[in-house]
Structure formats: structure tokens, C-alpha cells
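Only the coordinates and a few stated rules stand behind these numbers; no lab work does. Just so it is clear, the structure is predicted and the values come from calculations on it, not from any experiment. For neighbour counting, all protein chains shown are included, and Cβ atoms are generated from backbone atoms with ideal geometry for every residue, glycine included.
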Amino acid sequence: MIQRYGTNEKGQRVPIASIYTAGEHPIKKNMISPQALQVIDTLRGAGYRAYIVGGAVRDLLAGKKPKDFDVATDALPNRIRKIFPNAWIIGKRFKLAHVIFPDRYIIEVATFRSVSSGNFNAVYGTIEEDVRRRDFTVNALFFDPEKEQLIDYVGGFADLKAHRLVNILPLETIFDSDPVRMLRAAKYASKCGLKIPRKMKNEIVKKAPLLETVSASRLTEEFFKILASGKAETIFREIERLNLMPHFLPRAAAELNASKSKKNLFYAEMKELDNRVSDGHFDGSEHREILLYHFLKIFLPPFRAEIGYHENCAEQKVRYKEIEKPLQFPVAYADSAVKMIFEIRDGIQPKSRRIGVEKKRPRRRHRSGSKKNSTIKKSADNDQ
């Protein structure tokens, strides 16, 4: 292990980071996506620092295959845009670059930010400052693919090996500044087998109502990440234990709490979804209608044969709109999920507009049609 030093406020030389060499951690360069390596090589070729950061490093250390690879750099967003013609700048308060490769493969590139970044401004800083504004130590690890070195400023590697979730920001304010971190705590604990300390659990239970202040779009995105994680069952159980469910999915939580059998069915369905995701049957990030099929399956009532297929769809749309609040499911995905529920769960095929016997509409006879067709045929014969 290599120790990186800096100076404190008194000008004294102090250790600020531990650098683990190739033989001291399990991550290898060939585990990183070629696109992420290309982004890092290009940024470094332009004179900037660049590393793999966050969830990808955490997952690789935990022996899991990352879904995404994020890059952190000291290049400013506008400069990143000039370096990569295939990049888009997104975000209002905090600008990020999405470098887009063929097949819509995206590498997210973020500029180091300072702890002093507020709610309405982004203050860019150094890597040392950037790590201090992150939420948990296991998400604050950097990987240098060129040297195959793991850079740890906050003890995240040791925390991951000890299976503990440790906050970087003060526990009194970490969830006030971003309530979504409570959901992420449940997600990280379940995905990586981390233990949430008692004080953090108490803080989450106390501040759970803050989730109601989060925008629908952010909550919806976290919802889909949970479903696509391959650990949806354990994550939802942790969310329930932390008292987050009534503030995250209030209507669904009320129905599950009112019926033990429905709750058992829900967790069994989440387990089935986890098996499908883990077996690689589909890409959860690309097939959200399948994720919604498994989630909505136990909440939607059976197909009613006495009314038409499209009338059933309309009724179910009203129903899932109640279940999703305060989230906002994409309509196209939700409608596709409803049709899958009818076809797979209920065995109903949309062979006609209505199910059952219908009166056939009389065909319209076009008297002029036959004459017109004969005229066309005669003209065609004359052309020959």
C-alpha cells in the first residue's frame, strides 16, 4: 500500500489517502468497459486527470458486474464537450457530460466538485474535495485503470471488507440535503451485504417523511434501479424495515400491510424478478415494461370477461395510476405491462377489439367500385 500525503491547516504533513496496488485488490483493467477506458485515455491525453468512480468500483470490489461505469475528472463540462464530439451536457445546477457510443452506450463524466457546492451552484474542486462531498465511504473509491490502483481517501475499502455502511457527510444533515440517500442506504446494504449502524437506522426512520419532498422523477428513477438490481426482494424488505415504504410507495404499502397473503405474493414476485435479472434473461434498464409487469402483477385485479379488452385496459390504467403515486411510470411501459399481465397471468389474447360475441358490421358495397376496377383492368390490358 502506498500512502499519499498532504498538509493540514497548520502546514503539517499528514496522510490523506491510501493507494492499493494491483496485488492488494481484485479489480483488473480488463474488467472495465472499453468505452470507459477510451474516455479516460482521451481525457488523460488532453492533460486531465480521470478515474473510474463510485458504484462501478464498489460493485467490482464486491464481486459484482457493474451496469454502468462513471468517470470523474478535473476537466470542466464545457471542455469535456469539446474533447468529445459525441458528448452531451446535461443538468442545470450540476452539469454532467454523457459521452455516447454506438448502441446508445453512455459513459457519464462528472467534474470534481467542492464540498461548498450548494443547492443552486456548482463549485468545482479537486479530487480531495470531491470525495468529501459524497454520501457513503463505499461510494467514494477511485480506480486508476492505467496503474490498476485503488485510491481511497475515506477508508471505504476497509468498510466494504468489514461489511459496514459508513456515512461521509454528518449524520445529522446527510438525509436533509438529499432524502433519496435513505433509499440508497437500503439499496447498498442489500446489494453489498452491508450493515447499517443503529444510529443511521434511527436517523432514517425519523426522517423517512422527507422522501415526500423529493420530485416524482427522481423517486421513479430510484424505483426502476431497485427493480433492475437483481436484489429487489431484499431491498424492498430493507425499505420496509426502515419505515420508508409508506413515504415511497404509500398506496402499495397500505395494500401490502392490509393483507399478509398479498405481501407474501409481492415478495415472491420480487424474488422471481431477481432470478430473471440475475440469469441475464433481459436487461432491466432497457426493458422497463418487464420490471413493471412483475411489480404490478399482484396489485391489478383479474381480467373481466364481461367487458371488452380495451375497456379492461382503461380500467387497469386508472388502477395502476393509483398504485404508482407519487411516482410517474412511463405510460408506454405501464400500458405494455398491463397487456403482459392480461396475456401471461390471465391467458387473455387481444385477438379482437372485444372479447366475446360481437355483431359483425355489414360490409359497405361500392357500386362504382366494380366499374372502376374493370376500367382500370381494361386500360391495363390496352397498355399491353
**Request:** Let me know the number of lysine pairs in the range 1-162 closer than 21 Å at the Cα, not counting same-chain pairs under 8 apart.
**Result:** 15
**Complete:** Taking every DSSP bridge whose two residues both lie in the chain, the antiparallel percent to the nearest 5 is 85
**Request:** Determine the percent antiparallel among the DSSP beta bridges restricted to the range 1-162, to the nearest 5.
**Result:** 90
**Request:** Using a 10 angstrom cutoff on alpha carbons, build the Gaussian network for the chain and name the most mobile of MET31, MET182, MET270.
**Result:** MET31
**Asked** For labels at ALA258 and GLU128 in the simple 7 Å Cα→Cβ model, what's the distance in nm?
**Response** 5.8
**Item:** Helix-derived mean residue ellipticity, 222 nm - over the chain, DSSP H n ≥ 4, -39500 (n - 2.57), to 500
**Value:** -13000 deg cm²/dmol
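Quote the charge dipole size of the range 170-351 about the Cα centre in Debye, to the nearest 20; the model charges only the Cβ of Lys and Arg (+1) and of Asp and Glu (-1). Could you put the intermediate results ahead of the total?
On the way: 31 positive and 26 negative charges, 143 e Å.
Once rounded to the nearest 20, the dipole reads 680 debye.
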**Fill in**
For the range 72-178, shape from the Cα gyration tensor axes a ≥ b ≥ c, cut at a/c of 1.5 then a/b versus b/c, turns out oblate
**Asked** Which of the chymotrypsin sites (Phe, Trp or Tyr not before Pro) across the range 20-121 are loop residues per DSSP, with 13 or fewer other Cβ within 10 Å?
**Response** PHE120
**Message:** Antiparallel versus total DSSP beta bridges in the range 34-112: what percent is that, nearest 5?
**Reply:** 75
**Prompt:** Quick one: which of 240-250, 35-45, 259-269 comes out on top by average Cβ neighbours within 10 Å, and what's the full order, highest first?
**Reply:** 240-250, 35-45, 259-269
**Request:** Evaluate the charge dipole of the chain about its Cα centre and quote only its size in Debye, nearest 20, assuming +1 on the Cβ of each Lys and Arg and -1 on the Cβ of each Asp and Glu.
**Result:** 1720
**Prompt:** Using a Gaussian network for the chain with springs between C-alpha atoms less than 10 Å apart, which of these wobbles most: LYS147, LYS67, LYS317?
**Reply:** LYS147
**Prompt:** Of TYR320, ILE90, ALA162, whose Cα points farthest to the positive end of the dipole of the chain (charges on the beta-carbon: +1 Lys, Arg; -1 Asp, Glu; origin at the Cα centre)?
**Reply:** TYR320
**Asked** With springs only between Cα atoms under 10 Å, which of LYS206, LYS339, LYS82 fluctuates most in a Gaussian network model of the chain?
**Response** LYS82
**Message:** Once you keep just the Cα pairs under 8 angstrom separated by 6 or more residues, what percentage relative contact order results for the range 1-162?
**Reply:** 23
**Asked** Rounded if a/c is under 1.5, else prolate if a/b beats b/c, else oblate: with a ≥ b ≥ c from the C-alpha gyration tensor eigenvalues square-rooted, which is the range 1-162?
**Response** oblate
